[in-house]
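*Asks:* Pasting in a structure now, in structure tokens, and then I'll have a few things to ask.
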Amino acid sequence: MDRYIYTEKFTLIPKEFYTPEQGREALMAQFSLSGDASVLSYELEDEGAVVVYSAPLHQEEGEHLPPFVVKLIRHAKAVEEFNKVVLHYSAQRGISHIIIYAGEELKLVNSFKVDSFESALYFLFLSIKGLQMNPQQCVVNVCWTIPQQSIDIVSRFFKGVEVTDLDIHII
């Protein structure tokens, strides 16, 4: 079982422009971080990018686990549809992650603070619309246990819905 750090505090930087100092600055420009916050990076070779993220304080010294968004990106890449749309929602943490590919091109990686499944769905629609994609040409891959009623709602707007239970341990 893979282990990941759950954080919504991350950003992607093109590999050719990445330096540890620039990564810290980019993350601090987007999120409130204390000056001594642990900022780590994880290279996504296939995407030519580096994920820069804030690690929780309880992370053991020397243990540099990738952020959960890396698992979602890997999962999205494995989806066989042309438009790869991955949605994860955590009611407990009040966060939704959205990953979107058009073909092999990564178009969006983002997290949103949400207070309900409906809010997560709103941000998904907003993201797809912003990328000028047609929801009727997208199968949404939902990465958590979701009630049938919610699947039915999503199915009305998208080409299809697939539910995946990720076999992972999140810290």
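*Asks:* Quick check: anything in region 115-138 in contact (Cβ under 8 Å) with a residue 60 or more places away in the chain and either under 27 Å from GLN22 (Cβ atoms) or surrounded by fewer than 22 Cβ atoms within 10 Å (Cβ to Cβ) (or both)?
*Replies:* Among the residues of region 115-138, not one is in contact (Cβ under 8 Å) with a residue 60 or more places away in the chain and either under 27 Å from GLN22 (Cβ atoms) or surrounded by fewer than 22 Cβ atoms within 10 Å (Cβ to Cβ) (or both), which makes the answer no.
*Asks:* Say we look at region 1-26 and pick out the residues that are hydrophobic (A, V, I, L, M, F, W, C) and outside any strand (DSSP E or B); which of these is modelled with the lowest pLDDT?
*Replies:* Only one residue fits best here, namely MET1.
*Asks:* I'd like to check which strands (runs of 3 or more DSSP E) are fully inside region 27-130 and have at least 1 residues that are more than 13 Å from GLU8 (Cα to Cα) and of a type in the set (Gly, Ala, Ser).
*Replies:* Qualifying strands (runs of 3 or more DSSP E): 39-44, 49-54, 95-102.
*Asks:* Still on this structure, please answer the following. Residues that are of a type in the set (S, T, N, Q), within 26 Å of THR145 (Cβ to Cβ) and either in contact with a helix residue (DSSP H, G or I) (Cβ under 9 Å, 6 or more places away or on another chain) or modelled with pLDDT of 95 or more (or both): does region 35-56 have at least one? Before you say what the answer is, go through the steps one by one.
*Replies:* The first filter runs over region 35-56 and keeps only residues of a type in the set (S, T, N, Q), leaving 38, 41, 54.
Then drop every residue that is not within 26 Å of THR145 (Cβ to Cβ), which leaves none.
Checked against the condition, which is being of a type in the set (S, T, N, Q), within 26 Å of THR145 (Cβ to Cβ) and either in contact with a helix residue (DSSP H, G or I) (Cβ under 9 Å, 6 or more places away or on another chain) or modelled with pLDDT of 95 or more (or both), region 35-56 yields no hits at all.
*Asks:* Note down all Cβ pairs under 7 Å where the first residue falls in region 148-171 and is basic (Lys, Arg), the second is not in a strand (DSSP E or B), and they're at least six residues apart or on different chains.
*Replies:* LYS159/GLN136; LYS159/GLN137; LYS159/CYS138
*Asks:* Also: With the requirement that a residue be exposed (fewer than 15 other Cβ atoms within 10 Å of the Cβ) and among the basic types (Lys, Arg), what does region 86-114 give you?
*Replies:* The answer is ARG93, LYS113.
The values are calculated or read from the model by the stated rules, or taken from the named source; none is laboratory data. Being a predicted model, the structure only gives us computed values, none of them experimental. When we count neighbours, we look across all protein chains shown, and the Cβ atoms used for this are built from the backbone with ideal geometry, even at glycine.
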